[in-house]
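**Q** Have a look at this one before I ask anything.
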Amino acid sequence: MHKAARQRYLLDLLSERGQAAVADLAGAIGVSVDTVRRDLADLARQGLAQKNHGGAIALDPPEMKRQAREALLPETKRRLGRAVAAQIPPGSTLMLDAGSTLLAVARELRGPATVITASLDIAQCLSDRPEIQLILLGGQWDARQRLFAGSATLSLLERYRADIALLGVCAVHAQLGLSASEEADAAVKRAMLAASGQHWLVTDHMKLDRCEPHRVAELSQIQRIFTDRPWDSLDDQLPIELCVVADDR
């Protein structure tokens, strides 16, 4: 297997498992432990993999550069995007959060709809769609996350109301709720929730059972969660519809 393909496969394995020992990765690919160590060192230099306790290797999406995060689980994100878009009633007004998973929703979105977003990538995706009324929230530009945030963004958000807030998340924990790695991002997410009638969360399994420093919301504020795997930690007493979008192959 060529080096680039092998490293791509390593990333896929880590995305699926969350973390793994070097020997297990070598066995799964059918190469030597030394080869895997060299590949993982390359991935670590690119910011794609991190050493964990006990010699395991793990992915830490909130710490990754945007391009690296977008490369993770592309098929999963496409499936989530299709599933979520299919559930949005025509004519809805939406608060659409930033991130690669929400960008997948935007690509699958069927009009007519009104979309309010602080994400430049989502705005560009929808800019040539005449059936989509697009509202781009300005403010202070965050080049790392490719979104607008800060006091100006929050002030603009106060002017709008939406039927549904569609949020991505850096982390979601069964007891601690939704959290974000950046304070400004968390503030925008909270404002979107406050301005919307329904609250939907769209996330892959890598964000489950994790916690980041900045609080976004309690799980009780969310009505629907779209994810790609069952979430056993979720309290079944919460009035949340868990929509598991499994691999359809």
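**Q** Would you please give the residues with an amide H less than 5 Å from that of residue 177, counting only those at least 5 places away or on a separate chain, with H modeled from the backbone geometry?
**A** Result for residue 177 returns 219.
**Q** Return the long-range amide H neighbours of residue 93 (sequence gap of 5 or more, or a different chain), with a cut-off of under 5 Å between placed amide H atoms.
**A** 114, 163, 164
**Q** Next question, about the same structure. Calculate, for residue 247 and residue 4, the FRET efficiency according to 1/(1 + (r/R0)^6) with r their C-beta to C-beta distance and R0 25 Å; round to the nearest 0.05. It would help to have the intermediate numbers written out before the result.
**A** Details: r = 24 Å, r/R0 = 0.96.
Given R0 = 25 Å and the Cβ-Cβ separation, E is 0.55.
**Q** Quick one: what are the phi-derived ³J(HN,Hα) couplings along segment 90-97, Karplus 6.51/-1.76/1.60 with θ = phi - 60°, whole Hz, x for glycine and proline?
**A** Ordered by residue, 3J(HN,Hα) equals x, x, 6, 9, 10, 8, 10, 5 Hz.
**Q** Only Cα pairs under 8 Å and at least 6 apart count here; give the relative contact order of the chain as a rounded whole percent. Walk me through the numbers before you get to the answer.
**A** Values: 466 pairs, mean separation 34.6, N = 249.
Value for the chain: 14 percent.
**Q** What is the dipole size for the chain, taken about its Cα centre, with +1 at each Lys and Arg Cβ and -1 at each Asp and Glu Cβ, in debye to the nearest 20? Let's see the in-between values first.
**A** Values: 30 positive and 32 negative charges, 125 e Å.
My answer is approximately 600 debye.
**Q** Return the whole-Å distance between the Cα centroid of segment 1-40 and the Cα centroid of segment 175-241.
**A** 31
**Q** Could you tell me which residue out of 111, 211, 244 lies farthest along the dipole of segment 70-244 toward its positive end? Charges go on the beta carbon: Lys and Arg +1, Asp and Glu -1, centred on the Cα centre.
**A** With unit charges placed on the Cβ atoms, the residue in question is 111.
**Q** Can I ask one more? Tally Lys/Arg at +1 and Asp/Glu at -1 over every other residue whose Cβ is under 15 Å from the Cβ of residue 160; what's the total?
**A** Values: positive: 159, 161, 189, 190; negative: 97, 158, 163.
Every neighbour counted, the sum reads +1.
**Q** Shifting gears a bit: Only residues of segment 197-216 count here: report those whose backbone N is under 13 Å from the spot 7 Å along Cα→Cβ of residue 176, or say none.
**A** Answer for this model: 208-216.
**Q** Using only alpha carbon positions, build the gyration tensor of the chain, then give the equivalent ellipsoid semi-axes as the square roots of 5 times its eigenvalues, largest first, whole angstrom.
**A** With the √(5λ) rule applied to the chain, the semi-axes are 33, 19, 18 Å.
**Q** Related question: Search the structure for amide H atoms under 5 Å from the amide H of residue 228, placed 1.01 Å from N in the peptide plane, and list their residues when 5 or more places away or on another chain.
**A** For residue 228, whose amide H was placed from the backbone, the distant partners under 5 Å are 205, 245.
**Q** Please list 122, 240 from largest to smallest accessible area, probe radius 1.4 Å, with all protein chains kept in place. It would help to have the intermediate numbers written out before the result.
**A** Numbers: 122 0, 240 30 Å².
Ranking 122, 240 by accessible area, largest first, yields 240, 122.
**Q** What stretch of the chain, leaving out the sites themselves, is the longest with no GluC sites (Glu not before Pro) in a DSSP loop having at most 12 other Cβ atoms within 10 Å?
**A** Working: sites that count: 131, 158, 218.
Value returned for the longest uninterrupted segment is 1-130.
**Q** Now for a different question. Set Lys and Arg Cβ to +1 and Asp and Glu Cβ to -1, take the dipole of the chain about its Cα centre, and tell me which of 19, 187, 32 lies farthest positive.
**A** 32
**Q** In deg cm²/dmol, rounded to 500, what helix-only [θ] at 222 nm does the chain give when every DSSP H run of at least 4 residues adds -39500 (n - 2.57) and the total is split over its residues? Don't skip to the answer; put the middle values down first.
**A** Numbers: 9 runs with 90 residues, N = 249.
Mean residue ellipticity at 222 nm (helix-derived): -10500 deg cm²/dmol.
The values are calculated or read from the model by the stated rules, or taken from the named source; none is laboratory data. Computed from a prediction, not measured in an experiment: that's the story for all the values here. In this analysis, Cβ positions are derived from the backbone assuming ideal geometry, glycine residues included, and neighbour counts consider all displayed protein chains. Heads up: the accessible areas ignore ligands, DNA and RNA and are worked out on the full protein's heavy atoms, side chains in. Shrake-Rupley method; radii C 1.70, N 1.55, O 1.52, S 1.80 Å.
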